[in-house]
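Comments concern the structure below.
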Amino acid sequence: VGDSKDYDSEVDSICPFCGVGCQVSLKVKDGRVKYVDGINGPANEGRLCVKGRFGFDYIHHDHRLTKPLIRRDDAPAKGLNVDPDNWQEVFREATWDEALDFAAKGMKGRGREVAGFGSAKCTNEEAYLFQKIIRQGFGHNNVDHCTRLCHASSVAALLENVGSGAVTATFNEIENADVAIVIGANPVENHPVAATYFKQFAKRGGKLIVMDPRGVGLRRHASHMLQFRPGADVSMLNAIMHVIVEEGLYDKQYIDAYTENWEAEKAHLADFTPEKMSKICGIEPEVLRDVARTFAGAKAAMIFWGMGVSQHIHGTDNSRCLISLALMTGQIGRPGSGLHPLRGQNNVQGASDAGLIPMFLPDYQSVTDDGVRSAFTSVWGSDDFSAEKGLTVTEILDAVHDGDIKSMYILGENPAMSDPDVEHARDALAKLDHLVVQDIFLTETANFADVILPASAFAEKSGTVTNTNRQVQMGRPAVPPPGDAKEDWWIEVELAKRLGLGWDYADPAEVFAEMKQNMPSLDNITWDRLMAENVVTYPSLSPEDPGQAIVFGDGFPRADGRAKFTPASIIAPDETPDDEYPMILITGRQLEHWHTGSMTRRATVLDAMEPEANCSLHPSTLRKLGVEPGGLLRLTTRRGSIRVMARSDRAVAPDMVFLPFAYVEAAANILTNPAVDPYGKIPEFKFSAVKVEVVEKT
Ligand code: SF4
């Protein structure tokens, strides 16, 4: 941390990493961001984690794309084969006009042969423009983004049962709770600033109930640590709810006033006794009973969850159970109560709100509704587009293999690293006859591109982002994009012009103004207000209202104002361990690296802290294998095989391997299972059967 003499200017913006949405002050000297301070945003109150404080210098990395690039006619066959220091063997520089003309030519007039992946790393305005390009430009809804890989199942369950896909209360509301459940989440590493609030809650006597197959960092602060068997969420949660019913601990008044389908839920739970479910989830019946009594006895209780809940073929059922638990105890809509899926990427909430989803236009308005489509096309001044729900991320890549999709526009996503069974995804990218990639680095996905459009990092552009708390925040440019790189909204507009869409936006503020015309969630939120106040939470009830931290205190946005119980039954993981693949593989993130590593592995401090691909196993498992920490293992699943360094971690169960997915040299998703949840269409990243072999003992 420096003082005022250390920099030439300072600019307030938003951390580009996780969904906490910490506000930052970027200190600029000689045209470069020199350091970052936390400022007093509502989510972080000046706090930052190691990524936010030290992870920013990737924006000045030598690998930044500074010119549009076009694949050379004599380039080798498409594959993961481009050296970022020697890209000239595969690509040649082009002018913006040439690159944009070429990009548009490969897509124009091709209708359903074109699909798009937008990004949760972009601003709300950029996400909105991206979905508009696909819908207006090609007449269909084959547009998606990484929400499909993180909380799509949570959103499906929330929309179904509560009527809204966002959180019902900010995570900071935990300060008004006396009990909190954190399940399938590792906030100490993945939402570190939120974790500081959770730790403070425990320190002042709040009961923190942590549920996870791994002994995640919050266990040190937990009143109850339930290290349940992977994939056994529904059995454990139903057993807890069984006890609440059996002992009459539910809130009858709340259930009568605000819910429906209670009798069906109650009848369904009758069979899920703690004694029976204990054999499935591995948690002692008395612990399940104690947790049920503790949660039901709370004055105010919150439930937080993460990818451990959502990334299963039964991810929607897992979320349905959490919603039912909150409803039966009346723990929604009051201070210190609520449901909070911890969103992963900095703008995954906003990108979803902005319609970067194949089944929904902005504000989760269904593409199948004629009136909704007509409201958008009248603002856009364009013809109607398909009423058919579009394809999701994994379905789009399957359609490429089937020859139905031949051209793609990918902005800021990295499916060559992030998709399950990633060799299948890479083969699909290689098969495309036209791939446009817009990014800041020559990512693994850009390796397969026909044309690359150099874009802007967070510190180089204006735009709004929406964090996990529903807080719409203003990002501002502190430095210009390097070389000829451009702001993403400008690239989208220029591309749309060449697709014949006649767009004419002067700046992101004009895009935001258009979004507001069909997004009631943005009522009372204006660009000028955000410039002045930095943040407004939606819903905001008046131009003076900072926004509602807690919603649904007097009913739900469903047809009859009532939330719904949807009973969930036990569904086994798609593949279970057997003699050939006897262990369970779980993938996830580490504190120092974010997602596919394209940014954090180019951040000096973060890369120095975690330079090498690694996996974690229990010390007893390593002993059994005869391998020391630091030894080399081969992990093999039905999809493929990787070699990766072993680490010892008591928090990992003896039959489990934990593998971060940020490392291309040991890409976790070579191993993962592409089976998806039938509702959220989210892959089962959190359970693959794996074989572990020793390559080098030390
Ligand atoms: Fe950035 Fe998330 Fe860390 Fe805050 S907690 S500084 S938003 S990575």
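The values are calculated or read from the model by the stated rules, or taken from the named source; none is laboratory data. A quick note: this is a predicted structure, and the numbers were derived from the prediction, not measured. Every residue, glycine as well, gets a Cβ built from its backbone with ideal geometry; the counts of neighbours run over all protein chains shown. Surface areas here come from the heavy atoms of the whole protein model, side chains and all, with no ligands, DNA or RNA. Shrake-Rupley method; radii C 1.70, N 1.55, O 1.52, S 1.80 Å.
Please list, in order along region 55-67, the HN-Hα scalar couplings obtained from phi with the Karplus expression 6.51 cos²θ - 1.76 cosθ + 1.60 (θ = phi - 60°), rounded to whole Hz, x for Gly and Pro.
Working through the residues one at a time gives x, 8, 6, 4, 5, 9, 5, 4, 7, 4, 6, 10, 9 Hz.
Over the heavy atoms of Val367, what accessible area does a 1.4 Å probe trace out, to the nearest 10 Å²?
0
Beyond a 30 Å Cα-Cα separation, which of these cross-linked pairs lie in this structure: Lys207/Lys686; Lys51/Lys78; Lys199/Lys624?
Lys51/Lys78; Lys199/Lys624
How big is region 593-634 by Rg and Dmax over its Cα atoms, in Å?
Every Cα atom of region 593-634 included, Rg and Dmax give 13.5, 37 Å.
If every alpha-carbon in region 68-161 counts as one equal scatterer, what log10 I(q)/I(0) does Debye give at q = 0.17, 0.18, 0.22, 0.24 1/Å?
So the normalised log intensities are -1.00, -1.07, -1.19, -1.21.
Kirkwood Rh, region 507-550, all Cα pairs: how many Å?
10.6
If you count the DSSP beta bridges with both ends in the chain, what percent of them are antiparallel, to the nearest 5?
Percent antiparallel among DSSP bridges in the chain is about 50.
Counting other C-beta atoms within 10 Å, and keeping those with at most 16, which DSSP coil GluC sites (Glu not before Pro) do you find in region 384-468?
Glu388
Using only the alpha-carbon atoms of region 426-532, report the extent along each of the three principal axes, biggest first, to the nearest angstrom.
Between the extreme Cα coordinates on each principal axis of region 426-532 lie 46, 31, 28 Å.
Please give the Cα centre distance for region 70-147 versus region 555-603, rounded to the nearest Å.
What the calculation gives is 29 Å, centre to centre.
Taking region 602-698, which trypsin sites (Lys or Arg not before Pro) meet the DSSP loop condition and have no more than 14 other C-beta atoms within 10 Å?
Answer by residue number: Arg638, Arg650, Lys697.
GluC sites (Glu not before Pro) within region 487-579: which are DSSP loop residues with at most 12 other Cβ atoms inside 10 Å?
In loop regions of region 487-579 (DSSP not H, G, I, E or B), the sparsely surrounded GluC sites (Glu not before Pro) are Glu544.
Carbon-plus-sulfur fraction of the accessible area of the chain, 1.4 Å probe, in percent?
Looking at the chain in its full context, I get 48 percent from C and S.
Distance cut-off 19 Å, Cα to Cα: go down the list Lys34/Lys121; Lys67/Lys108; Lys27/Lys486; Lys27/Lys461; Lys108/Lys406 and report the pairs above it.
Going by Cα-Cα distance, Lys34/Lys121; Lys67/Lys108; Lys27/Lys486 fall outside the 19 Å limit.
Under Stokes-Einstein, with the Kirkwood radius over Cα pairs standing in for Rh, what whole-number D in µm²/s applies to region 400-461 at 37 °C and 0.692 mPa s? Kindly include the intermediate steps, with their values, before the conclusion.
Numbers: Rh = 11.9 Å.
Estimated via Stokes-Einstein, D reaches 275 µm²/s.
If you average the sequence gap of Cα pairs under 8 Å that are 6 or more apart and divide by the length of region 228-307, what percent do you get for the contact order?
45
Could you give the dipole magnitude of the chain about its Cα centre, charging the beta-carbon of Lys and Arg +1 and that of Asp and Glu -1, in debye to the nearest 20?
Approximately 1520 debye in magnitude.
Expressed in whole Å with the largest first, what are the equivalent ellipsoid semi-axes of region 1-100 derived from the C-alpha gyration tensor as the square root of 5 times each eigenvalue?
Taking √(5λ) for each eigenvalue gives 37, 16, 12 Å, largest first.
By the gyration tensor of its Cα atoms, with a ≥ b ≥ c the square roots of the eigenvalues, what is the shape of region 560-645: rounded for a/c under 1.5, prolate for a/b over b/c, or oblate? Please list the in-between numbers first.
On the way: a/c = 2.62, a/b = 1.29, b/c = 2.04.
In terms of gyration-tensor shape, oblate.
Given the DSSP H assignment, sum -39500 (n - 2.57) over each helix run of at least 4 residues in the chain and divide by its residue total; what's the result at 222 nm in deg cm²/dmol, nearest 500?
That calculation yields -8000 deg cm²/dmol at 222 nm.
Rounded to the nearest whole Å², what accessible area per residue is found for the chain with the 1.4 Å probe?
Per-residue accessible area for the chain comes out at 34 Å².
Classify region 366-475 from the C-alpha gyration tensor, please: rounded if a/c falls under 1.5, else prolate or oblate depending on whether a/b exceeds b/c. Before the final figure, lay out each step's value.
Details: a/c = 1.86, a/b = 1.15, b/c = 1.62.
Verdict is oblate for region 366-475.
By what distance, in whole Å, do the Cα atoms of the chain stretch along each of the three principal axes, largest value first?
71, 64, 59
Of all the Cα-Cα pairs you can form in region 1-56, what percent are over 12 Å apart? Please report the intermediate quantities before stating the final value.
Details: 918 of 1540 pairs.
Percent of Cα pairs beyond 12 Å in region 1-56: 60.
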